[in-house]
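This report concerns only the one structure given below.
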Amino acid sequence: KRQRSTYTHTRESFMDVYNILREELMKDPVVQSHPSHAKEWFQEVLDYNVPGGKLNRGMAVYDVLAAIKGAEALAEADVLQANALGWCIEWLQAFFLVADDIMDGSITRRGQPCWYKQEKVGMIACNDYILLECCIFKIIKQHMAGHPGYLKVMELFHEVTYQTAHGQLLDLTTAPQGRVDLSKYTLDTYMRIVTYKTAYYSFYLPVACGMVLAGITDPQAYATAEDILLDMGRYFQIQDDYLDCYGDPEVIGKIGTDIEDNKCSWLICTALQHASQEQQDIIKAHYGASDPASVAHIKELYEKLDLEAKFKAYEAQSYATLSQRIAEQTAMPRLVFTSLLDKIYKRCK
Ligand SMILES: O=C(O)c1ccc2cccc(-c3cccc4ccccc34)c2n1
């Protein structure tokens with residue numbers, strides 16, 4: 001009797017689902033009736049921008065659904081639907097990254113030139129990121145039609161897109177390119193930027209997708225999940241800011257440039273909160289300047305303010321609070337939250 005292949009959730013099997021979704025999108029009548037150069041362009045927009053990240057957000061949906069069901073692995077019928085929603089999160093991220101790279105004037109993304117930096121692309125990328133967003137709702141229609149959670153998933157992706165765009169609005173108006181008004185760099189504003197720009201789509205969205213597929217409808221369950229996951233997302237980004245300055249470039253795979261880039265990071269906001277007037281003058285003179293001497297002055301100031309210890313204290317406090325909130329909540333199996341927390345806590349990259 002032929003051995004039924006059981007599904008194992010790996011990057012490879014997740015990538016198999018990307019190929020299914022891409023073929024479905026290419027089969028769309030509008031795309032099919034395009035002249036070949038336009039068909040090829042659309043396919044390249046997808047292949048260049050959607051896969052290529054770590055795929056953790058997209059792959060998390062399957063794990064959440066399995067954890068809620070208390071199953072080691074999902075039934076065949078659930079696998080494609082869970083991974084299709086997971087890919088919608090990767091499409092959403094691709095949409096934001098193509099757009100953000102234009103707004104930020106970035107050069108490279110995921111180790112290759114940003115899409116808009118391609119000779120043939122330029123501002124056509126503005127139309128391409130719109131197409132990337134539209135794919136999300138094509139995929140949802142294809143894989144969620146008939147599911148009781150179809151409307152909830154539709155609302156979820158619209159809501160998270162709205163929240164993420166507000167996070168980008170806040171980031172762009174707080175830290176505009178060039179010299180910044182450091183008085184805007186407060187921890188409160190920083191926390192709002194991180195919550196709306198990163199935490200909602202990176203942490204709340206994968207879990208909420210898994211909850212919808214598991215048939216959870218209780219609004220309180222979503223509120224509890226949101227509360228815990230936004231805290232986890234803020235912790236993840238603060239860690240990211242810390243690693244940008246104190247991480248090992250070999251391990252992280254890139255050299256941090258937040259200081260040169262004027263980034264509104266947890267480090268600079270915390271430094272400003274504790275800096276004397278004289279130290280604030282040093283920050284004004286050297287933050288956002290790309291010459292190594294300026295970067296050295298800022299890092300020296302970070303040492304004096306003992307930001308590493310402040311981060312470690314925040315990290316310990318954050319982990320303790322999150323662990324307690326996860327233990328106390330009864331909305332979902334703890335594994336839903338602990339599997340994510342264990343992946344990000346004390347990470348080095
Ligand atoms: O850019 C990425 O995806 C990335 C980069 C670095 C990381 C370091 C540790 C853990 C994750 C990670 C693992 C699993 C699920 C996740 C969900 C949301 C965010 C991060 C997740 C991670 N993710």
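The values are calculated or read from the model by the stated rules, or taken from the named source; none is laboratory data. These numbers come from a predicted model, not from an experiment. Heads up, the Cβs are rebuilt from the backbone with ideal geometry, glycines too, and the neighbour counts pull from every protein chain shown. For the accessible areas, the whole protein counts, side chains as well, though only heavy atoms, and no ligand, DNA or RNA atoms are used. Shrake-Rupley method; radii C 1.70, N 1.55, O 1.52, S 1.80 Å.
Some observations on this one:
- Amide hydrogen neighbours beyond the local backbone of R109, cut-off 5 Å, H modeled: C114
- Taking only alpha carbon atoms, the stretch 267-349 gives an Rg to Rh ratio of 1.17, where Rh is the Kirkwood radius.
- Virtual paramagnetic centre 7 Å along Cα→Cβ of T108, amide N under 16 Å, in the stretch 212-256: 249-256
- 3J(HN,Hα) from dihedral phi, the stretch 196-213, Karplus parametrisation 6.51/-1.76/1.60, rounded to Hz, x for glycine, proline: 7, 7, 10, 5, 4, 7, 8, 10, 5, 4, x, 6, 4, 4, x, 5, 5, 5
- Under 14 Å from the Cα of K184 - aspartates and glutamates, other chains or at least 8 residues apart: D171
- Model label sites at N127 and L335, defined 7 Å from Cα along the beta-carbon direction, differ in position by 4.8 nm.
- Rounded to the nearest whole angstrom, the semi-axes of the ellipsoid equivalent to the stretch 47-168, taken from the Cα gyration tensor as √(5λ), stand at 29, 16, 12, largest first.
- Value of Rg to Rh for the stretch 17-101 (Rh from inverse mean 1/r over Cα pairs, i.e. Kirkwood): 1.05
- Protein accessible area in the chain, 1.4 Å probe - carbon and sulfur %: 54 percent
- Here the peptides 83-94, 262-273, 295-306 are ranked by packing, the mean other Cβ count within 10 Å, and the order with the highest first is 83-94, 262-273, 295-306.
- Rg over Rh for the stretch 224-270 works out to 1.07, both radii taken from alpha-carbon positions and Rh defined as the Kirkwood radius.
- Distance histogram in 10 Å bins (all Cα pairs of the stretch 198-284, percent per bin): 15, 32, 26, 19, 7, 1
- 4 °C / 1.567 mPa s Stokes-Einstein diffusion coefficient of the chain, Kirkwood radius on C-alpha pairs, µm²/s: 60 µm²/s
- 25 Å tail of the calculated P(r), the stretch 114-268, as % of Cα pairs: 45 percent
- Length released on extending from V251 to Q142, taking residue separation times 0.36 nm less the Cα-Cα span: 35.3 nm
- A simple count of charges around Q118, restricted to other residues whose Cβ falls under 15 Å of its Cβ and scoring Lys, Arg +1 and Asp, Glu -1, yields -2.
- Residue-wise HN-Hα couplings along the stretch 119-136, as the Karplus relation 6.51 cos²θ - 1.76 cosθ + 1.60 with θ = phi - 60° gives them from phi, are 3, 7, 9, x, 7, 4, 4, 5, 6, 5, 6, 5, 4, 4, 5, 4, 4, 3 Hz; Gly and Pro carry x.
- Per the Debye calculation on the stretch 74-142 with a single equal scatterer at every Cα and no solvent contribution, log₁₀ I(q)/I(0) for q = 0.16 Å⁻¹ amounts to -0.60.
- Listed residues G70, G167, G178, most fluctuating in the chain (Gaussian network, C-alpha, under 10 Å): G178
- Surface accessible to a 1.4 Å probe, per residue, for the residues of the chain, Å²: 49 Å²
- Here the Karplus curve 6.51 cos²θ - 1.76 cosθ + 1.60, taken at θ = phi - 60°, turns the phi angles of the stretch 318-323 into couplings of 5, 5, 5, 5, 4, 4 Hz, with x standing for Gly and Pro.
- Added length on full extension, which subtracts the Cα-Cα distance from 0.36 nm per residue, L169 to E300: 44.0 nm
- Options N19, S36, H9, ranked by Cα towards positive dipole end of the stretch 1-44, top entry (Cβ charges): H9
- Applying D = kT/(6 pi eta Rh) to the stretch 199-349, where Rh is the Kirkwood radius over alpha-carbon pairs, T corresponds to 4 °C and eta to 1.567 mPa s, the Stokes-Einstein value obtained is 76 µm²/s.
- Projected onto its three principal axes, the C-alpha set of the stretch 146-227 covers 51, 22, 14 Å, listed from the longest axis down.
- Considering every alpha-carbon pair of the stretch 278-324, the percent of pairs per 10 Å bin, from zero through the bin containing the longest distance, is 26, 36, 22, 15, 1.
- Amide H partners (placed H, <5 Å) of N262, local residues excluded: G288
- Burial order of peptide ranges 5-16, 310-321, 232-243 (average beta-carbon count within 10 Å, highest first): 232-243, 310-321, 5-16
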